1. Hey, got a sec? Which chymotrypsin sites (Phe, Trp or Tyr not before Pro) in the range 49-142 land in a DSSP loop and have at most 14 other Cβ atoms within 10 Å?
2. If I stretch the segment between Ile42 and Glu69 completely, what's the gain in nm (0.36 nm per residue apart, minus their alpha carbon distance), one decimal?
3. What order do you get for 79-88, 66-75 when each peptide is scored by the mean count of other beta carbon atoms within 10 Å, highest first?
4. Between Ala95 and Thr139, with labels modelled 7 Å along Cα→Cβ, what's the label distance in nm to one decimal, could you check?
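What follows draws every value from the coordinates through simple rules; no lab data is involved. These figures come from a predicted structure and were not determined experimentally. Virtual Cβ from ideal backbone geometry, glycine too; neighbours counted across all protein chains shown.
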Amino acid sequence: MPSEIERVRAATPALATFLADHHADMAGTAPAESQHALPLQILLAPQVRLFAMYADGRVVATGALAPLEAGHEELKSMRTDPDRRGEGLGGRMLAHLIKDAATRGIHRLSLETGSDDFFRSAHRLYARAGFVDTEPFGTYLSDPNSLFMTLSPLPPAQASTGREGASRRSR
């Protein structure tokens, strides 16, 4: 089933629902103060680069890059539709985000994810992409409910893996 990745510049009801489900998925994995998923309005801020993968007109994966400091960005809101997990969509989104960052001269990507067993497949995905465990970064504090990972330097950028255009209006 073909899918494409596009930069999101405006909210749609389908995207809002997909990301609300992302927050709901994490509800039981850690106390609220240890959950760091960004709300949609922040993901749509001009300095954040939110991407969505679509298949048959449906959102099937998301990922975002948020600036931390010059040359360093944070990976945010990585989610794959639970019915589509195991199809490699998360790996495709992650590869797209890494290429997007490398193309723009970013040299380090970091992420915070949960330490709960729910996140084990994500930990493996990030490790396969070259991310390694690191100390808390940015404004994060050490937290037993969090795992921090980083990738630096980024692999050289290749050809684009998605469309930079505006989000679709008819989703």
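1. Numbers: sites: Phe51, Tyr54, Phe118, Phe119, Tyr126, Phe131, Phe137, Tyr140; in loops: Phe131, Phe137, Tyr140.
Those that pass, being in a loop and sparsely packed, are Tyr140.
2. Numbers: separation 27, 0.36 × 27 = 9.72 nm, distance 1.71 nm.
That works out to 8.0 nm of additional length.
3. 66-75, 79-88
4. For Ala95 paired with Thr139, the spin-label model returns 3.5 nm.
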